[in-house]
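In what follows, a single structure is set out as structure tokens and then discussed.
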Amino acid sequence: MSDLIGRKPKKTICKKDVKRAMGRIEEMDGRRVYRQDDGEITADLTRFEEKLAVEHHGSPLYQRVFFLLVALGVLYLGWLLIRFH
């Protein structure tokens with residue numbers, strides 16, 4: 001990262017002016033870097049990948065109720081198929 005210090009960025013990726021912002025993401029020579037307001041580069045984001053991980057572990061009681069209702073629905077549809085076929 002020391003080779004990027006002192007260079008002007010080609011373009012700024014985040015153009016929002018937020019008073020609480022501590023810096024911005026810039027692209028320099030094909031690399032994305034995070035530059036603080038004082039000009040110091042603190043992160044190289046070239047190989048940075050955003051991933052969203054959503055985890056949800058339901059309550060065992062609700063899982064049982066859900067599977068029971070699904071089973072009852074399948075049985076009911078099966079009964080209708082047999083009766084009116």
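Computed values, structure above
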| quantity | calculated |
| --- | --- |
| Residue order, fewest to most surrounding Cβ atoms within 10 angstrom, among Ile82, Ile41, Ile25 | Ile82, Ile25, Ile41 |
| Loop sites in the range 26-80: chymotrypsin sites (Phe, Trp or Tyr not before Pro), DSSP, at most 15 other Cβ within 10 Å | Phe48 |
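Computed from the coordinates by the stated procedures, all read-outs in this text should not be read as laboratory data. Predicted, not measured: the structure shown is a model, and the values here were computed from it. For neighbour counting, all protein chains shown are included, and Cβ atoms are generated from backbone atoms with ideal geometry for every residue, glycine included.
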